[in-house]
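First comes the structure, then the notes that go with it.
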């Protein structure tokens, strides 16, 4: 059996849990060596060891704050030193502060924007420069959200603004990096069962109200997003760039219907 990403080197941010953890697993299943980062280094190290044992590849864990350019550059340099190249970057790290618009502080606003939007910019710039130097026809996949497309109340204004920024940044990057053979796409998940979303799914009433909005009739799973990442990271999507792929069970299409 030929693996779609055999011989590739992938960086995944926010890889210790939830969607990021599942993305790392899905890339490993397809044969990619991994460089994973998160602030929760203990959990990340355990997952990295498990991936190496299960799939016979390298999975290097790094403690990185994606809003800090010096930490990003240090990781990118080490990854190139250890693997010789970077083929894939998945910008998954993100946070949310679920407060009403009038209650959000400037500090809270800045924190969300720094991680969710500035982090994507900083990591993508650092990796793209290395891809260009190495003449790598790479793939960058940004994890956005339907909250960047519609005013999805529970997400919070800074989260939605950051993800809308990720969507348009994706298109700018795709345009500017295309001459170098680097593709850039985003995935906009709907409601997915993760620690970040658990407050909105904490009881049957709130879960039922959300299910009514999803035509496919189920809450998304991290692997639903991970499979889309593998597609966009692989040569099977070699003519796709600048796209925001919505993975939401049809939620946006039904948002105005009862």
**Request:** Determine, for 247, 112, 12, the number of other Cβ atoms within 10 Å of each Cβ, and report the residues in order from fewest to most.
**Result:** 247, 112, 12
**log₁₀ of I(q)/I(0) at q = 0.11, 0.17, 0.20 Å⁻¹ - segment 19-146, Debye sum with one point per alpha carbon** = -0.41, -0.92, -1.21
**Message:** Let me understand segment 58-127 better: what is its radius of gyration from the alpha carbons, and its Dmax, in angstrom?
**Reply:** 14.5, 48
**Asked** For the Cα atoms of the chain, what angle does the longest principal axis make with the long axis of helix 18-29, in degrees from 0 to 90, nearest 10?
**Response** 40 degrees
**Message:** For the chain, what does the relative contact order come out to in percent, with C-alpha contacts under 8 Å and a separation of six or more?
**Reply:** 19 percent
**Request:** For an R0 of 45 angstrom, estimate the FRET efficiency from the Cβ-Cβ distance between residue 107 and residue 178 and round to the nearest 0.05.
**Result:** 0.75
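With 10 angstrom as the radius, rank 193, 176 by how many other C-beta atoms surround their C-beta, starting from the fewest.
Taking fewest neighbouring Cβ atoms as first place, the list is 176, 193.
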**Complete:** Here the percent of antiparallel bridges among DSSP beta bridges lying wholly in the chain, to the nearest 5, is 0 percent
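At 222 nm, what value in deg cm²/dmol follows for the chain if DSSP H runs of at least 4 each add -39500 (n - 2.57) and the sum is divided by all its residues, to the nearest 500? Let's see the in-between values first.
On the way: 8 runs with 106 residues, N = 258.
Roughly -13000 deg cm²/dmol at 222 nm, from the helical runs in the chain.
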**Message:** For segment 209-258, I need the span (max minus min coordinate) of the C-alpha atoms along each principal axis, in Å, sorted largest to smallest.
**Reply:** 39, 20, 11
**Request:** Just need the Rg to Rh number for the chain, please, alpha carbons only, Kirkwood Rh.
**Result:** 0.96
**Item:** Mean separation of Cα contacts under 8 Å (6+ apart) over length of segment 69-138, as relative contact order %
**Value:** 49 percent
**Message:** Under 10 Å, Cα contacts only: if you run a Gaussian network model on the chain, which one of 48, 162, 209 comes out with the highest mean-square fluctuation?
**Reply:** 209
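Since every read-out is calculated from the coordinates, none of them should be taken as a lab result. Small disclaimer: the values here were computed from a predicted structure and weren't measured. When we count neighbours, we look across all protein chains shown, and the Cβ atoms used for this are built from the backbone with ideal geometry, even at glycine.
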